[in-house]
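Here's the structure, in structure tokens; my notes come after.
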Ligand code: SF4
């Protein structure tokens, strides 16, 4: 185990991906080795993100009554979960919610709506909402998560001031047909690409606790890495009664931490966010998660409640971390520097790089 962890840290500090064998060995490690795993991945987290924790707040813009059938989702077609159901909220209400988020330390506001994907009218509504939020908080990052996206709608969101677009891959390609039949894994990969190509910061992650094997976890992590997201939400299934996965309580805090450690090693300099299920699956080990992820959601989730925002802030302070300010850059500068626009070869006066 010490050799594996040293090798993983060396690779991650060089922004290199572990091998499949290394990733599997990490997931298979014993509980006795857990603190060593957290310490090793924590070195990578501190190297790229110091002791900053980015806070994000979800605004559920439209809740329930989705025509899609994602098995994990309380808003799915036929869900018997007793969740709030409402149509698009008013832009002013979303802006009021953003006020509370920013006052609580949130740097990013995530506008989420149920549904297969936005219509033109939906994009218009979201654009009005983004303008209302940005008028009050020009520096807050606005992310939208609206489902499958076309290039034209992505460009309209960008023009409206949207910074990021979230679309999770959720589970491995091999498992995807077991959790959803109304759209495909390829649809999801395509939307992440569309958002990225439009200039939106890609946010794409996973849900664990749905019966996946270690091989599925690794497949998904590597597939996500190929999409090269700037931020990677790691959800742990919230098993809502009234959904097909309502009885699935498979996760232990130790497994959640090993998965988070793996994601830190696979995404050393990307924003890894502990998302839904943090409180119910990590439970008293939540502070250890902060040594792996550099970002969490503050407050409530889409249809379930999180712990009090004040408890999140206390936990961050107690664990020796600080809330990332709006003026701070989340991603290491070198990550942006990886993309260099070509200014040599064809189309320039300079010779080609060959
Ligand atoms: S598309 Fe989104 S809102 Fe609809 S069922 Fe799937 S996860 Fe839930």
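Modelled this way, with points 7 Å down the Cα-to-C-beta line, the labels at residue 82 and residue 28 are 4.5 nm from one another.
Packing order of peptides 217-228, 4-15, highest average first: 217-228, 4-15 (average count of other Cβ atoms within 10 Å over each peptide's residues).
Quote the FRET efficiency, to the nearest 0.05, computed for residue 285 versus residue 173 with a Förster distance R0 of 25 Å and r equal to the Cβ-Cβ distance. Result of the calculation: an efficiency of 0.25.
Could you state, as a whole-number percent, how many of the C-alpha pairs of segment 26-71 are farther apart than 13 Å? Mind showing how you got there, number by number?
Numbers: 764 of 1035 pairs.
Distances greater than 13 Å cover 74 percent of the Cα pairs.
Over segment 1-78, the fraction of Cα-Cα pairs per 5 Å bin, rounded to whole percents and listed from the shortest bin up, is 3, 12, 16, 14, 9, 8, 11, 15, 9, 2, 0.
Taking other Cβ atoms within 10 Å as a rough exposure proxy, 54, 134 sort from fewest to most as 134, 54. Length gained on full extension, residue 36 to residue 69: 7.9 nm, using 0.36 nm per residue less the C-alpha separation.
Among 61, 210, 1, a tally of other beta-carbon atoms within 10 Å of each Cβ gives an order, fewest to most, of 1, 210, 61. Between residue 341 and residue 248, residue separation times 0.36 nm minus the direct Cα-Cα distance comes to 28.8 nm. Available extension along the chain between residue 103 and residue 308 is 72.4 nm, counting 0.36 nm per residue and deducting the alpha carbon span.
Globularity index of segment 201-274 is 1.11 (Cα radius of gyration / 2.2 N^0.38 Å, N = number of residues).
Under a plain spin-label model, where a point goes 7 Å from the Cα along Cα-to-Cβ, how far apart in nm are residue 46 and residue 181? Result for the modelled spin labels: 5.1 nm. Name the residues of segment 258-274 whose amide N is less than 19 Å from a point 7 angstrom out from the Cα of residue 329 along the C-beta direction? Once the point is set 7 Å along Cα→Cβ of residue 329, 268-272 turn out to lie under 19 Å by backbone N, inside segment 258-274.
What is the list of residues in segment 236-253 whose amide nitrogen lies under 12 Å from a point 7 angstrom out from the Cα of residue 213, following Cα to Cβ? Answer for this model: none.
Using C-alpha pairs below 8 Å separated by at least 6 residues, the relative contact order for segment 2-324 is 24 percent. Ordering 88, 249 from the fewest to the most neighbouring beta carbons within 10 Å gives 249, 88. From the alpha carbon centroid of segment 152-199 to that of segment 248-263 is 24 Å. Of the two radii for the chain, the radius of gyration is 0.96 times the Kirkwood radius, both from the alpha carbons; that is the Rg over Rh value.
The numbers here are math on the coordinates, done by the rules we state, and not lab data. Owing to the predicted nature of the structure, the values given are computational and were not obtained by experimental measurement. All Cβ positions, even for glycine, are placed from backbone atoms using ideal geometry, and neighbour counts span all protein chains on display.
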